[in-house]
């Protein structure tokens, strides 16, 4: 399976995943408190992706934390069983994700999740270009040998999706949130004012002294995702000498959480 040509489109897949999770959060938020709504939305996202990236995070945590040699680390990462480090990493990541989503205002939740999920898929493509693969098989090897065209295209798609979605978080943006609220209100037999109550919340990020708020949010999220990519890349290089498919999935998870936390600081 040759994934090299598909890597540039990873951010677009991420945007679709973020859109799905955001819609689930907004819909669930009309029925339940924010924390429960965020839990249901995060669970829906895991079900959609098959816990693909979470499994990678657990494997890397087990391998890097429990192995003393490169060979042993790689063997642990390939083991389908989860150890203590892996379970803790997955649980902590889910806790941070749920808490961060719960803190998002309903009026900007969908847009923020689209942006963070799109940006989180850029870093793995750069790691494929910058670091060698350490296994002759697997997802990492099947997408190896990229030129700079794929990472740059992925960055363009990620930044483009992030910019458009965060720009839509302004006063004219939450139309999809209002429609979702109106649909739930109709189902529950409430007056249409329910939709108005959602739309009357924070419609944009707090104003910035120097830049439009959506630009500030995009820059912070991008910087956070870039920092996550550098961190995972450094650890992978120092621990096992390169990347595997599990490392790429871990990079996505770390970038997503850091980008989400960066934007939560603004809302």
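Miscellaneous remarks
- Cα centroid separation, segment 1-60 to segment 146-165 (Å): 19
- Packing-based order for 12-24, 105-117, using average beta carbon neighbours within 10 Å, highest first: 105-117, 12-24
- Using only the C-alpha atoms, the convex hull of segment 1-145 corresponds to 113 Å³ per residue.
Here, each number is a calculation from the coordinates, and none is a lab measurement. Note that the structure is a prediction, hence the values are computed from the model and not measured. As a convention, Cβ positions derive from the backbone with ideal geometry for all residues, glycine included, and neighbour counts pool all protein chains shown.
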